[in-house]
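Enquirer: Below: one structure in structure tokens.
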Amino acid sequence: MNLIGIFNRRLTSFQIIILGFAAVILLGALILMLPISSRSGEMTGFMDSLFTSTSAVCVTGLVVKDTAGYWSFFGQVIILILIQIGGIGVITMASVVSLLAGKKISLMQRQTIQNALSTPQVGGSVRLIRFVIKVTAMIETAGAVLLLPVFVKRFGTVGIWYAVFHSVSAFCNAGFDLMGRHTGSFSSLCAFSGNLYLSIVICVLIVAGGLGFLAWEDIAAYKLKIHKYRMQTKVIIASTAILILVPTIMFFFIDFSHMHLVRRFSCSLFQAVTPRTAGFNTVDFSSMTDPGRVMIMLLMLVGGSPGSTAGGMKTTTVAVLTANAFAIFRRRKNAKLFGRRVDDEVVKQASTVLFMYVTLFLSGALIISLIENQPFEKCAFEAISAIATVGLSLGLTPGLGVVSHIILMLLMFFGRVGGFTVVYAALSYREGSELKYPLGNITVG
């Protein structure tokens, strides 16, 4: 079935993306409500099912029911399917179905794919989709194979399912785990905090999913010839390296200095990688220092890269804003990255993304804090985790009320489909007028 073609042709590509995600979330919620989806064999309430489905499709990882303890094997399979669909994109999956059915991809569908995958041009959409599926299958399979020794050794044959589940969850930056029945509900991967091998494998999967498929296209085409990469790919790789290295050093010397060397490095690296935007954790965040938790929140807000399985504002947004700040400090007319000028329109878009994310997470956190009578810092942590589709938690989410859960679901949805997608879909975006108003002077800073 061609999901894109189901919707009215008068809809914009942004509206199709919104409706596509909403349809999959609703379908997932209805399936998770069924008695077969829970271990107890009882029906699950609509709100709990909807929250779980939203978190899975939006690859967030915030949960109100422990994934392993509450959901049956069937329910876990459904959650994994929702994660996979949400990770590579609803539109991408719909296009794959169309291609397998032998249908041609129309120009409107190609434009929708372009907006969904954040590609620079419409051309090459079908080729890119095939590349996305190939890369996803290869990396997730390799990840499952590498995780097999750890999980099979500890859990026996069921470890095969655990290896597959956690490989997909890590690559899709979802943060769902199956450790609840063995190490305690909502414990994530804390039982493996000293396992350097598992930490590195999970980190590699997270980073691989968060780089973006356009970056992987450059890597596949040019290998180590970095000078041939797109400017965007260079920015992504440089930003990712900095955002891993700096927090790792900070955590190593501040938060985990009391641990032995191997566990210290393992925890430092893992906590530097997972906030952007995977949602796994190997330590209790409530035991971390205030600077450590602030660093986690900043990393969550940044997120992954465009066209990836990750959420957040994106590494390129932060890079553009940083370059623009340096340009202003040096009294240069334009921001510059890797010897290339950054268009002023891109700078305006980056500023708008920052404004939207900060405004929404602060508003959501404030409302939740007032409703639940909880400390603002904890509510801000959960709100950032939701809008950046991370899934890390200070343990607040399961005990929140219905209104707070709705707020978190809206933040997750906004964070996954993208701020501009939501705005353009709501406003039926059209090209702006060339009319210019008289110039007015205003002082800032």
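The values are calculated or read from the model by the stated rules, or taken from the named source; none is laboratory data. Since we're looking at a predicted model, the values are computed, not measured. We place every Cβ from the backbone using ideal geometry, glycine too, and count neighbours over all the protein chains shown. Ligands, DNA and RNA are stripped out before the accessible areas are found, and what is left, the full protein with its side chains, is counted by its heavy atoms. Shrake-Rupley method; radii C 1.70, N 1.55, O 1.52, S 1.80 Å.
Enquirer: Counting Lys +1, Arg +1, Asp -1, Glu -1, what net charge surrounds A272 among other residues with beta carbon under 13 Å of its beta carbon? Don't jump to the answer; show the numbers that get you there.
Expert: Working: positive: R264, R276; negative: D255.
Result for the local shell: +1.
Enquirer: Moving on. Could you give me the radius of gyration and the Dmax of the chain, taking only the C-alpha atoms into account and expressing both in angstrom?
Expert: Taking only Cα atoms of the chain, I get Rg and Dmax of 21.4, 72 Å.
Enquirer: Which helices count as membrane-span-like in the chain under these terms: full DSSP H, at least 27 Å along the axis by C-alpha, Kyte-Doolittle mean of 1.0 or more? Can you show the working numbers first?
Expert: On the way: long enough: 13-33 (30 Å, 2.55); 125-155 (43 Å, 1.31); 231-253 (33 Å, 1.84); 344-372 (42 Å, 1.28).
Correct list, ordered by number: 13-33, 125-155, 231-253, 344-372.
Enquirer: So, taking all protein chains as they sit and a 1.4 Å probe, how much accessible area belongs to M313, in Å² rounded to tens?
Expert: The accessible area of M313 comes to roughly 10 Å².
Enquirer: With the dipole of the chain worked out from charges on the C-beta (+1 for Lys and Arg, -1 for Asp and Glu) around the Cα centre, which of G87, F213, S40 lies farthest toward the positive end?
Expert: F213
Enquirer: Just subtract the alpha-carbon distance of F338 and A22 from 0.36 nm times their residue separation and send over the number in nm, one decimal. Mind showing how you got there, number by number?
Expert: Details: separation 316, 0.36 × 316 = 113.76 nm, distance 3.86 nm.
That works out to 109.9 nm of additional length.
Enquirer: Order L189, L439 by their accessible area, 1.4 angstrom probe, all chains in place, largest first. Show your work: numbers first, answer last.
Expert: On the way: L189 0, L439 165 Å².
So, going from the largest accessible area down, we get L439, L189.
Enquirer: If you roll a 1.4 angstrom probe over the protein chains with everything in place, what fraction of the accessible area of the range 240-299 belongs to carbon and sulfur, to the nearest %? Please report the intermediate quantities before stating the final value.
Expert: Details: 1820 of 2480 Å².
Result for the range 240-299: 73 percent of the exposed heavy-atom area is carbon or sulfur.
Enquirer: Still on this structure: Between the alpha-carbon centers of the range 139-186 and the range 253-317, tell me the distance in whole angstrom.
Expert: About 20 Å separates the Cα centre of the range 139-186 from the one of the range 253-317.
Enquirer: Just going by the charge dipole of the chain, with Lys and Arg at +1 and Asp and Glu at -1 on Cβ, which of G159, S266, S13 is farthest out on the positive end?
Expert: S13
Enquirer: Report the net charge of residues surrounding T248, where surrounding means a beta-carbon distance below 12 angstrom and charges are Lys +1, Arg +1, Asp -1, Glu -1. Numbers along the way, then the final one.
Expert: Numbers: positive: R264; negative: D255.
So the environment of T248 carries a net charge of 0.
Enquirer: Keeping all protein chains in the complex and leaving out DNA, RNA and ligands, what accessible area do you get for I25 with a 1.4 Å probe, in Å² to the nearest 10?
Expert: Per-residue accessible area (I25): approximately 10 Å².
Enquirer: With an 8 Å Cα cut-off and a minimum separation of 6 or more residues, compute the relative contact order for the chain in percent.
Expert: Working: 746 pairs, mean separation 79.7, N = 445.
Averaging sequence separation for qualifying contacts and normalising by length gives 18 percent for the chain.
Enquirer: Per-residue ellipticity at 222 nm for the chain, helices alone: DSSP H runs ≥ 4 residues times -39500 (n - 2.57), over residue total, nearest 500 deg cm²/dmol? Kindly include the intermediate steps, with their values, before the conclusion.
Expert: On the way: 20 runs with 284 residues, N = 445.
Result for the chain, helices only: -20500 deg cm²/dmol.
Enquirer: I want to check the label-to-label distance for V96 and K228. Put each point 7 Å from Cα in the C-beta direction and report it in nm to one decimal.
Expert: The answer from the label model is 2.8 nm.
Enquirer: For Y357, Y437, Y70, Y222, give the ranking by accessible area with the largest first, probe 1.4 Å. Please report the intermediate quantities before stating the final value.
Expert: Working: Y357 10, Y437 185, Y70 55, Y222 85 Å².
Accessible-area ranking of Y357, Y437, Y70, Y222, largest first: Y437, Y222, Y70, Y357.
Enquirer: Provide the solvent-accessible area of L362, counting protein heavy atoms only and rolling a 1.4 Å probe, rounded to the nearest 10 Å².
Expert: Rounded to the nearest 10, the figure is 70 Å².
Enquirer: Also, I was wondering about something else. Mind giving me the nanometre distance, one decimal, between the label points for A221 and T359, set 7 Å out from Cα along Cα→Cβ?
Expert: Using points 7 Å along Cα→Cβ, the separation is 3.7 nm.
Enquirer: Which order do K234, K104, K336 take when ranked by solvent-accessible area (1.4 Å probe, heavy atoms of all protein chains), largest first?
Expert: Numbers: K234 45, K104 185, K336 115 Å².
The most accessible residue leads, giving K104, K336, K234.
Enquirer: Follow-up. Report the residues of the range 164-206 in range of a label on S287: point 7 Å along Cα→C-beta, backbone N strictly under 17 Å from it.
Expert: Counting backbone N atoms under 17 Å from the label point, the list is 183-196.
Enquirer: Spin-label point model (7 Å from Cα, Cβ direction): what's the F253 to L439 distance in nm?
Expert: For F253 paired with L439, the spin-label model returns 4.7 nm.
Enquirer: Taking R0 as 25 Å, what's the FRET efficiency between R127 and K104 from their Cβ-Cβ distance, rounded to 0.05?
Expert: Numbers: r = 14 Å, r/R0 = 0.57.
E between R127 and K104, to the nearest 0.05, is 0.95.
Enquirer: Further question: Please name whichever of S351, I371, S393 sits farthest to the positive end of the charge dipole of the range 302-403, dipole taken about the Cα centre and charges placed at Cβ: Lys and Arg +1, Asp and Glu -1.
Expert: Working it through, the farthest residue towards the positive pole turns out to be S351.
Enquirer: Treating only the Cβ of Lys, Arg, Asp and Glu as charged (+1, +1, -1, -1), what charge dipole size does the chain show about its Cα centre? Round to the nearest 20 debye.
Expert: Values: 35 positive and 18 negative charges, 346 e Å.
I would put it at about 1660 debye.
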